[in-house]
Every structure is written in C-alpha cells, then in structure tokens.
Amino acid sequence: MRIPALLIATTMAVSVTLPAHAEGREARFDQPHDGWSSSVLRTGTPHHVGLDPAPLAAALAQIERYTVPDATGHPLFAGAVTLFAHEGVVVTHEPTGWAVRYADAAGTELPEAQRVPMTQDTIFDLASISKLFTSIVVMRQHELGKFGLDDPVARHLPEFGVNGKESITVRQLLTHTSGLVAWLPLWSQYPDVPSRLKAVMDTTPRSTPGTTYLYSDLNLITLGVLAEKWSGKKLDQLVHDDITRPLGLVDTGYNPPAAKLDRIAATEYQAGRGIIRGSVHDENAWSLGGVAGHAGMFSTARELAVLGQAILNGGAHAGGRILREDTVELMLTDFNQGFPGNAHGLGFELDQRWYMGALTSPRAAGHTGYTGTTLVLDPLSRSIAILLTNRVHPSRNWGSINPARRVAANGLAQALAVRPRHGTAWTPETAGGTLTTRDLPRRAERQKLSFWAFVDLDPGDQVVVEASDDGSAWREVRVLAGYGQRRWQKVEVDTEAATKFRWRYVRGTGYGGRGVYVDAVRVTDARGVALDAEREPAAMRLEGWRTADR
C-alpha cells in the first residue's frame, strides 16, 4: 500500500493545467453528453480527442497477454482485435495473436508458418451480436407500420400461437420476457429447416409470458421469421437492404463468400465439421442454412464500429440512415425494470457491468457473442469499445473471457478524465483505505462538513463518511454509493462536535466502477465560518488513497 506524505487540500477554485496528451477539448467521464452524436467515424489518435493514452495501452497489453498460455496450458483466446472510438474517432484498432492457431479439438498448435495472424480486417463470427441486426430490421418494420410492439405475435404468425404462446407480444420477444426456453437442439433432433422452424413455433413457454426474464435464442429466431413475413424478403436480404447497404458495409453479412476465407477467424473444432472457418459456429444457425435471427452474422471490428456509431448518432452515419431517432431511443430504453439486473431495451442489452465494466450506466448498450465477441456503446461519453476474439478456437471449454471484456471497457473508461471540482481530489486505490482530516479545534456547537464527491461505484461498493470526537471511536454520518450519474455532487453533513472526519472505502463483491473522488473538503461552524482561524483547508492523512487529477 502506498501512503503518501501529508498533503494539503485546497478548497479554493484553481486552474487545472491539462496534461500534455490533451489537444483541444479533453475527454471527460464526469461531463456526460445529452442527445445524439453526429460524428462520421474516422481514424485518429487518443491525443486528437483528449484521451489519456496510458490506460488504453495498458488494456491492450493485458489483452495481448491473454493470447499467451497461462497456468491452464493454453491462452484465454488465440487472438483478438480491439477497437476503441471516442467522439467518432477510432483511436485504437489493434490486432494481436492468431486468427487460426490450432489443428484439432485437443489444441494441437499448427506450425507457425501455417497459422494465420489477426489483422485489422479479420472477419469474425459475431454469434449473438447478430441479434442486434435482427432487432434493427424488426424495428425498421415497426417504423413502416407493420406491427405494434404489444401486438400478440400470433396475430402476425398464427402458427406461433399454440401451447400457451397466444399472448406473447413482439415486445416480449425483443426483451426476452416471453418465457420461451433458452434454446432447442434443432440441429440434432429435427431433419430439415421446415421441421426446425416448426419446432420453434410449437414450443411451450417455460414460464408465464411477461413474468420472468430468460434470454432465449428462440425469441430472435421467431423475430427473424416475423421480419421475413412483414417485409416479403429473406432475412439476409433484409439486413443487406436495411443496414449494410445504407451504412456502406462490405464485410458484414451472413455466409461470407469463399473469396474472403483467408481473412476469417477460425472458431471451434466440431465433429463432422473439423475446425470451423467461414461458416457459422452456432449449430442451430448452421442447420438453418447459416441465416437465422439469433446468430450467423460476420463482420470486422471497423464495420461493427460503424454500426455502433450509427446508433450513437440516433440511427444514421455518413448520410445513410437505418432508423429514426425516436426508434433508436426506444431500442435503448429499459423495458425490464421489473427484472433487476436484466435491463434490456428492444434488442440491446443495457447496464451490464459484467462485460461493460466501468463504461456501465443505465444508458450503456451493447451485446456479446458466444464466439468471444463484445460491443459496448456508451452514449454518455459517445464512446465505443469493441473486443472481437475467437475464444472458442479450438474449444468452447477453455474458459470465460469476461475478464478480458471488462479490461477493454475499463481501459476506455479510465482514459476519460475525472477532473477535480475545485482543487485537489483524492481517490481510493485499495479497499479499506481511509482519508482522514487532521485534528480540528474542539467545539461544543454543531459543525458542518461539506465536500464535493464524484461517485461511480459498483452496487455493493461504498464510501462511508465517519466522524469522531477523539479519534478512537467513529460514527457513521453518510454513505456514498451509486453509479451512472457521472456528475460531481456537493455533500453537506450536519454533525455534532467532532475533531476528525474520515472517508473509508469499502469494496463489495462486484466488478468495480470508474471510482470515487473526494474534493474541496471544508469544516465550518453552523454559520459557515471555517473552523481554522486563517480559514486554511484541513490537512488530510491518506492511507490507501491517493491524490488524483483524473
């Protein structure tokens, strides 16, 4: 634990010199945006948009380490492409490791001359990120007046309305509250595409529709069938016409052509299929011809970022519009407030700390894919974090990559500054750390403690503000908790006579947030007069806290 020497906190407003990396407007985590962006995605550097490059570099270094075998004898994933964008500027687009590394399910490594390295334009099987494409084309049909969100699905697809599914609505499919089971073994228990789709139509809900959250591939398979019925087009053509063509995406779609095989990342070894490369990994999507509502899309990091920027822009990018702004707003609205921890818009997952890391807020949106793909959109900072890996190459049983997903998101969040509100700020660096005022004059009258705080903590984390009359016994006077607001708040606490105050950081069991900062501490009497005769600020003792300008 690093314990700095005694530090003095100034409560007067002072000018803050921007670090050398900042050119123009500094990227701020504590100044959230309202409304839509209007950026066209372009390439630049962290300096161009005021990001601190050090946290980005640290995140990339950790992601690279994940491609090196660890104590398990294998890496977390064979390779990855990481992309960070802020205010429409792609500041990092970094490949690492191998697109093709293994020869079989046992993990036999190919000779290096036969491996294929990751490149910026490597094409990945997006797995369940495909669900976003399906949701977008469905919502485009909503714009065209083809259905109402609360229409029973059976009104448009009569064969679906059997076995307790008569009341399931389109909204419930989009928010995974339909009650349908997570999946069915369509590829192994049914002989052809018609029988597989009929099995989805005939399935019985696991729970009463609208009463539980259960993530289900069947919801999106059904939505894909609905989109085809409403539009009169096959799903792959619909995605092309409504998304990839307007956005100018040339490497995004189902069933990539053989000419692009040498750019495609390999996935799993499966019996009868060998090392899969160029066809969809998901067995059910494969058995449906590679085109399904829940899986099947392929894309690159750059083209997925274009889609992400279009969402941050309210449905448009570079002159191409895929959705109206009000439709995008609907898609990013949490309709699952009755199911805490499962915030979900219409297609987009929301507010999921387990992979969105410190970028998480009630506005953060995104999705993950089973093959090892991640998209995080942060409207509050107008930022995008993409991590595409081939984590199932050669086996799906080599472990979760959720830590890597958080590393990527945290790196971008830490690159966004949190600046002191009035002077010098402190932030905890270890759980259990305390920040304590020096001894104050003993007085009989009530006192007031005031300070500014920035709080972005995981649920379960907190900073406990305590007071003491003699430095031996402490009493709680305020608890700081919460996340997602991303704004400094002034905290005032009326207390009995006390000679010390302290802030104690208590770490919970969650994933952590952007952090907490305490600034401009002042102790006054009830009239607001500083207790020090010269009105000098209180000296602070730091144990497990540090001064911070970010």
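Would you mind checking the radius of gyration and Dmax of the stretch 21-63 based on alpha-carbon positions, in Å?
In order Rg, Dmax, the Cα atoms of the stretch 21-63 give 12.2, 34 Å.
Tell me the carbon and sulfur percent of the accessible area for the stretch 300-415, rounded to whole percent, probe radius 1.4 Å.
That share works out to 50 percent.
Peptides 35-46, 217-228, 275-286: what's the order by average Cβ count within 10 Å, highest mean first? The partial results should precede the final answer.
Numbers: 35-46: 15.3, 217-228: 25.1, 275-286: 21.5.
In decreasing order of mean packing, 35-46, 217-228, 275-286 become 217-228, 275-286, 35-46.
Roughly how big is the stretch 323-411's charge dipole about its Cα centre, with Cβ charges of +1 (Lys, Arg) and -1 (Asp, Glu), in debye to the nearest 20?
Charge dipole of the stretch 323-411: 440 debye, to the nearest 20.
Could I have the simple spin-label model distance between Asp262 and Ala431, label points 7 Å from Cα toward Cβ, reported in nm to one decimal?
Placing both labels 7 Å along Cα→Cβ, they lie 5.1 nm apart.
Only Cα pairs under 8 Å and at least 6 apart count here; give the relative contact order of the chain as a rounded whole percent.
20 percent
Per residue, how many Å² of accessible area does the stretch 422-543 show with a 1.4 Å probe?
Per residue, the stretch 422-543 has an accessible area of 44 Å².
Quick one: putting +1 on the C-beta of Lys and Arg, -1 on the C-beta of Asp and Glu, what dipole do you get for the stretch 297-352 around its Cα centre, in Debye to the nearest 20?
240 debye
Under 13 Å Cα to Cα from Lys233, which aspartates and glutamates show up? Leave out anything in the same chain fewer than 8 places away.
Leaving aside aspartates and glutamates fewer than 8 places away in the same chain, those within reach of Lys233 are Asp241, Asp242.
Hey, if you put +1 on the Cβ of every Lys and Arg and -1 on every Asp and Glu Cβ in the chain, which of Val518, Ala265, Ser450 ends up farthest toward the positive end of that dipole?
Most positive-ward Cα: Ser450.
Quick one: ranking Thr424, Thr67 by accessible area, 1.4 Å probe, largest first, what do you get?
Details: Thr424 40, Thr67 15 Å².
From most exposed to least exposed: Thr424, Thr67.
Determine the gain in length on full extension of the stretch Gln237-Ser468; use 0.36 nm per residue of separation and subtract their C-alpha separation, reporting nm with one decimal.
This chain segment gains 76.3 nm when fully extended.
Can you tell me the length gained on complete extension of the stretch Arg438 to Ala58, counting 0.36 nm per residue apart and subtracting the Cα distance?
Gain in length upon complete extension: 133.2 nm.
Let me check against my output: what whole-number percent is the relative contact order of the stretch 119-234, with C-alpha pairs under 8 Å and at least 6 apart?
Working: 148 pairs, mean separation 35.1, N = 116.
Taking the mean separation of contacting Cα pairs over the length of the stretch 119-234, I get 30 percent.
Given the whole protein assembly as supplied and a 1.4 Å probe, what does the accessible area of Leu186 come to in Å², nearest 10?
Only protein atoms counted, so the area is about 0 Å².
Distance between Cα centroids, the stretch 455-491 to the stretch 413-448: provide it in whole Å.
Taking the Cα centre of the stretch 413-448 as reference, the centre of the stretch 455-491 is 10 Å away.
If we restrict to alpha carbons, what Rg and Dmax does the chain come to, in Å?
26.3, 87
By accessible area of protein heavy atoms, probe 1.4 Å, what ranking do Lys234, Lys146, Lys260 get, highest first?
Working: Lys234 135, Lys146 80, Lys260 45 Å².
Result, largest first: Lys234, Lys146, Lys260.
Return the Rg/Rh ratio of the stretch 246-360 with Cα-based radii and a Kirkwood Rh.
Radius of gyration relative to Kirkwood radius: 1.02.
Please report, for the Cα atoms of the stretch 435-550, the Rg to one decimal and the Dmax as a whole number; what are they, in angstrom?
14.3, 44
Work from the charge dipole of the stretch 337-488 (Cβ charges, +1 for Lys and Arg, -1 for Asp and Glu, about the Cα centre) and give the residue of Ile401, Tyr355, Trp488 farthest towards its positive end.
Most positive-ward Cα: Trp488.
Asp525 to Asp549: FRET efficiency via 1/(1 + (r/R0)^6), r the Cβ-Cβ distance, R0 30 Å, to the nearest 0.05?
0.45
With every protein chain left in place and a probe of 1.4 Å, what is the accessible surface of Arg324, to the nearest 10 Å²?
110 Å²
Mind checking the per residue accessible area of the stretch 218-371 for me, 1.4 Å probe, whole number of Å²?
On a per-residue basis, 32 Å².
Could you work out how far the C-alpha centroid of the stretch 271-332 sits from that of the stretch 157-231, in angstrom?
Comparing the Cα centres of the stretch 271-332 and the stretch 157-231, I get a distance of 20 Å.
Using 7 Å Cα-to-Cβ label points, what is the Glu166/Lys198 separation (nm, one decimal)?
2.3 nm
Under a cut-off of 12 Å between alpha-carbon atoms, report the aspartates and glutamates in cross-link reach of Lys490, not counting same-chain residues fewer than 8 places apart.
Output for Lys490: Asp519.
Charges at C-beta only: +1 for Lys and Arg, -1 for Asp and Glu. How large is the resulting dipole of the chain about its Cα centre, in Debye rounded to 20?
Approximately 320 debye in magnitude.
Starting from the exponent 0.38 and prefactor 2.2 Å, build the expected Rg for the stretch 149-243 from its residue count and divide its actual Cα Rg by it.
1.05
Helix 402-415 sits at what angle to the longest principal axis of the chain, using alpha carbons and giving 0 to 90 degrees rounded to 10?
Approximately 50 degrees, to the nearest ten.
Binning at 10 angstrom from zero up to the longest distance, how are the C-alpha pair distances of the stretch 298-447 distributed in percent?
Over the stretch 298-447, the share of Cα pairs per 10 Å bin runs 10, 30, 29, 16, 9, 5, 2, 0 percent.
Ignoring ligands, DNA and RNA, what percent of the 1.4 Å accessible area of the stretch 17-111 is carbon and sulfur?
54 percent
Positive end of the dipole of the chain, charges at C-beta (+1 Lys, Arg; -1 Asp, Glu), about the Cα centre: which of Leu226, Ala417, Ala182 has its Cα farthest in that direction?
Towards the positive end, the residue furthest out is Ala417.
The values are calculated or read from the model by the stated rules, or taken from the named source; none is laboratory data. Everything numeric in this text was worked out from a predicted model, so none of it was measured. Methodologically, a virtual Cβ is constructed for each residue, glycine included, from the backbone with ideal geometry; neighbour enumeration extends over all protein chains shown. Heavy atoms of the whole protein, side chains included, go into the accessibility calculation; ligands, DNA and RNA do not. Shrake-Rupley method; radii C 1.70, N 1.55, O 1.52, S 1.80 Å.
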